[in-house]
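J.: Mind having a look at this structure? Questions to follow.
The values are calculated or read from the model by the stated rules, or taken from the named source; none is laboratory data. Since the structure is predicted, the reported quantities are computational estimates derived from the model, not experimental observations. A quick note on method: Cβ atoms are made from the backbone with ideal geometry, for glycine too, and the neighbour counts reach across all protein chains shown.
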Amino acid sequence: MKTYEIEKPEGKLGVLIVGLNGAVSTTFLAGVFAIRKNLAHPVGSLTQLGKIRIGKRSENNFPFVKDFVPLTSLDDLVFGGWDIRDETCLEAAKYAKVLDEKDLNSIADELNSIKPMRGVFDQKFVKRLEGHYIKSAENKYELMMQLREDIKSFKELNSLDRVVVIWAGSTETFIEQKEVHSTKENFINGMVNNDPDISPSMLYAFASIAEGAAYINGSPNLSVDISAIVDFANEMNVPVAGKDFKTGQTLIKTVIAPMLKMRLLGLNGWFSNNILGNRDGEVLDDPGSFKTKEESKLSVLNSILQPELYEELYSDYYHKVRINYYPPRGDNKEGWDNIDIFGWLGYPMELKINFLCRDSILAAPIMLDLILFADLALRSNMKGIQEWMSLFFKSPMHSENVVPEHDLFIQSMKLKNTLRKLMNETPITHLDTNGVEQIVEEYDCYE
Ligand SMILES: NC(=O)c1ccc[n+]([C@@H]2O[C@H](COP(=O)([O-])OP(=O)(O)OC[C@H]3O[C@@H](n4cnc5c(N)ncnc54)[C@H](O)[C@@H]3O)[C@@H](O)[C@H]2O)c1
């Protein structure tokens with residue numbers, strides 16, 4: 001059996017956030033500061049509250065994930081990042097209105113001490129925003145080099161060996177992979193020649209990988225999901241993961257759809273509607289940015305239901321996703337799902353789900369888990385696409401020759417078995433051993 005060597009999480013871990021002044025980022029930072037001060041519990045975080053079974057069920061051994069794998073402690077995280085708004089994280093958190101004033105007051109100094117570096121921005125990619133606090137240069141290659149300098153200085157200033165960069169910036173307009181994205185050489189030439197299909201998020205990703213920093217894409221932007229950048233990550237021994245945090249409606253979709261398939265219940269239609277009033281909602285009100293999000297949200301059902309295998313159940317359903325910008329609700333998104341299904345003899349039934357959630361409250365713990373797991377991957381010499389982190393994404397990155405895994409419970413098993421494997425423990429298959437001892441021996445499994 002292959003054994004893994006994991007470097008210990010010594011020293012500090014640098015966390016650079018793109019979109020540092022956003023609602024998700026400031027809610028994440030506020031939470032980490034409050035948890036460090038014992039003012040809050042890390043609710044929603046797998047790395048902080050999750051447990052993992054080790055060994056046979058009869059052994060009753062369920063350590064915390066954070067005690068089982070060597071993760072960086074929250075006290076050892078150092079934060080920085082970029083934005084296109086010149087304000088401290090405290091000002092930005094107040095603007096976002098996700099957290100109450102009393103909660104912000106107790107960590108005001110910490111939030112006030114963090115301010116972004118100037119971002120790389122092009123309004124062509126985010127029509128609804130204007131960037132006033134941005135870098136300028138001759139071409140995109142020079143902009144990327146400035147981002148590399150930022151990462152280097154941040155490392156030097158804070159005496160850091162390891163950095164994770166995470167995109168929690170706005171959703172860019174929809175683009176597809178083209179020739180310029182196919183190889184590193186084409187991409188570098190494209191940056192030099194200001195190719196219009198190279199977006200700011202791609203420049204952040206390229207710069208991070210060039211500096212040996214793990215890169216996570218929390219939005220649906222194409223960004224790191226192009227051959228040139230994935231190949232570059234493999235070449236540089238750097239892990240990458242994405243895309244689009246799986247927080248509300250899609251989280252639910254990836255639980256309900258596997259259930260329908262498991263019980264062989266058919267689907268006639270699935271209408272997902274949302275109202276959202278924060279800045280993200282405003283950005284997504286632009287058709288280009290919405291299309292990027294829509295593609296990410298739509299991809300889920302087909303890959304779970306596999307209409308090519310279950311023609312009579314899933315080959316003819318109507319799937320619609322709407323996001324409506326509705327300012328009065330702020331960050332408190334409301335999602336409605338109407339699901340038209342059919343059962344025995346084709347008799348129709350309906351399922352209605354109304355989720356009154358809080359977007360940034362759901363996304364913040366995911367951000368923490370992704371950062372800590374990306375650092376673990378970095379220290380474990382895991383490079384390229386990290387499919388085991390699919391659990392956290394709406395549209396998980398995957399290798400060319402496989403389909404993405406969307407089923408939440410398979411994703412969870414995949415993640416936990418990867419952690420077991422990393423720690424040289426046997427993966428758990430949940431095989432029922434009654435009467436199949438022979439198979440159990442053959443597969444060396446536990447149950
Ligand atoms: N909250 C959720 O549940 C959720 C789920 C999945 C994905 N996301 C994605 O996470 C991202 C952040 O969401 P949010 O609600 O915090 O949005 P937000 O609008 O509050 O924050 C985005 C921030 O990014 C900054 N920004 C935009 N372009 C930038 C650039 N090129 N460089 C640096 N900074 C830039 C903006 O100024 C803003 O401060 C969005 O892409 C959103 O679609 C959020």
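J.: With (1) assigned by TED's automatic domain parsing to the domain that holds His41; (2) assigned to a helix (DSSP H, G or I); (3) of a type in the set (A, V, I, L, M, F, W, C) as the list, and Met382 as the residue in question, which single condition is left unmet?
T.: (2)
J.: Just checking, which of Leu222, Leu276, Leu251, Leu267 is outside the structural domain of Leu376 (by TED's automatic domain parsing), among the aliphatic types (A, V, I, L, M) and within 19 Å of the chain's Cα centre (by Cα)?
T.: None of the other options fit; the residue is Leu251.
J.: If Ile166 satisfies all but one of (1) crowded, with 21+ Cβ neighbours inside 10 Å; (2) in a helix (DSSP H, G or I), what's the number of the condition it fails?
T.: (2)
J.: How many of the residues in the stretch 280-293 are among the charged types (D, E, K, R) and either at pLDDT 85 or above or surrounded by fewer than 18 Cβ atoms within 10 Å (Cβ to Cβ) (or both)?
T.: The first filter runs over the stretch 280-293 and keeps only residues among the charged types (D, E, K, R), leaving 280, 282, 285-286, 291, 293.
Now narrow it down to the ones that are either at pLDDT 85 or above or surrounded by fewer than 18 Cβ atoms within 10 Å (Cβ to Cβ) (or both): 282, 285-286, 291.
Total satisfying the criteria: 4.
J.: Is there a residue being within 16 Å of the ligand (Cβ to nearest atom), more than 15 Å from Asp244 (Cα to Cα) and not in a strand (DSSP E or B) anywhere in the stretch 179-192?
T.: yes
J.: Which condition number in (1) among the aliphatic types (A, V, I, L, M); (2) more than 20 Å from Trp167 (Cα to Cα); (3) within 14 Å of the ligand (Cβ to nearest atom) is the one that Ile114 fails?
T.: In the conditions (1) among the aliphatic types (A, V, I, L, M); (2) more than 20 Å from Trp167 (Cα to Cα); (3) within 14 Å of the ligand (Cβ to nearest atom), Ile114 misses (2) alone.
J.: While we're here: If the requirement is being in the same structural domain as Met413 (by TED's automatic domain parsing) and within 16 Å of the ligand (Cβ to nearest atom), which of these qualifies: Gly50, Gly31?
T.: Values: Gly50 fails: within 16 Å of the ligand (Cβ to nearest atom).
Exactly one residue qualifies, and that residue is Gly31.
J.: Count, please, the residues in the stretch 55-97 that happen to be more than 16 Å from the ligand (Cβ to nearest atom), in a helix (DSSP H, G or I) and surrounded by 17 or more Cβ atoms within 10 Å (Cβ to Cβ).
T.: Let us first name the residues in the stretch 55-97 that are more than 16 Å from the ligand (Cβ to nearest atom), namely 55-78.
Filter once more, so that each one left must be in a helix (DSSP H, G or I): 57-59, 65-68, 74-76.
Now drop any that are not surrounded by 17 or more Cβ atoms within 10 Å (Cβ to Cβ), which leaves 65-66, 68, 74.
Selection size over the stretch 55-97: 4.
J.: Now, a different point. Which condition does Glu130 not pass, out of (1) out of contact with any Gly (no Cβ under 6 Å at 6 or more places or on another chain); (2) more than 16 Å from the ligand (Cβ to nearest atom); (3) outside any helix (DSSP H, G or I), if it passes all the others?
T.: With respect to (1) out of contact with any Gly (no Cβ under 6 Å at 6 or more places or on another chain); (2) more than 16 Å from the ligand (Cβ to nearest atom); (3) outside any helix (DSSP H, G or I), Glu130 is out only on (2).
J.: Of the residues Gly281, Gly269, only one is more than 16 Å from the ligand (Cβ to nearest atom) and of a type in the set (Gly, Ala, Ser); which?
T.: Details: Gly281 fails: more than 16 Å from the ligand (Cβ to nearest atom).
One residue alone meets the criteria, Gly269.
J.: State yes or no: is Leu276 modelled with pLDDT under 90 and buried (at least 23 other Cβ atoms within 10 Å of the Cβ)?
T.: yes
J.: Please find, within the stretch 199-233, the residue that is nearest to the ligand (Cβ to nearest atom) out of those that are closer than 16 Å to Asp122 by Cα and modelled with pLDDT of 95 or more.
T.: The residue in question is Pro200.
J.: In the set Ile52, Ile35, which member is buried (at least 21 other Cβ atoms within 10 Å of the Cβ) and modelled with pLDDT of 95 or more? It would help to see each step written out before you state the result.
T.: On the way: Ile35 fails: buried (at least 21 other Cβ atoms within 10 Å of the Cβ).
Step by step, each of Ile52, Ile35 is checked, and only Ile52 is buried (at least 21 other Cβ atoms within 10 Å of the Cβ) and modelled with pLDDT of 95 or more.
J.: Restricting the search to the stretch 397-420, which residues are surrounded by fewer than 19 Cβ atoms within 10 Å (Cβ to Cβ) and part of a loop (DSSP other than H, G, I, E, B)?
T.: His398, Ser399, Glu400, Asn401, Val402, Val403, Pro404 - these are the residues of the stretch 397-420 that are surrounded by fewer than 19 Cβ atoms within 10 Å (Cβ to Cβ) and part of a loop (DSSP other than H, G, I, E, B).
Okay, residues lined up against (1) crowded, with 16+ Cβ neighbours inside 10 Å; (2) at pLDDT 95 or above; (3) under 25 Å from Lys243 (Cβ atoms); (4) of a type in the set (Val, Ile, Thr):
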site	(1), (2), (3), (4)
Ser296	yes, no, yes, no
Asp316	no, no, no, no
Val321	yes, no, yes, yes
Tyr325	yes, no, yes, no
Asn332	yes, no, yes, no
Gly335	yes, no, yes, no
Leu345	no, yes, no, no
Leu362	yes, yes, yes, no
Asp375	yes, yes, yes, no
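J.: Here's a follow-up. Checking the conditions here, which among Ile226, Ile188 is under 30 Å from Ser380 (Cβ atoms) and in contact with a His (Cβ under 8 Å, 6 or more places away or on another chain)?
T.: From the options Ile226, Ile188, the qualifying one is Ile226.
J.: Something else: Which residues, taken from the stretch 353-374, are touching a strand residue (DSSP E or B) at 6+ places or on another chain (Cβ under 6 Å) and more than 19 Å from Val15 (Cβ to Cβ)?
T.: Residues satisfying the conditions are Ile353, Asn354, Phe355, Leu356.
J.: Next question, about the same structure. Which numbered condition trips up Glu176, out of (1) at pLDDT below 95; (2) surrounded by 14 or more Cβ atoms within 10 Å (Cβ to Cβ); (3) away from the ligand (no atom under 16 Å from the Cβ)?
T.: In the conditions (1) at pLDDT below 95; (2) surrounded by 14 or more Cβ atoms within 10 Å (Cβ to Cβ); (3) away from the ligand (no atom under 16 Å from the Cβ), Glu176 misses (2) alone.
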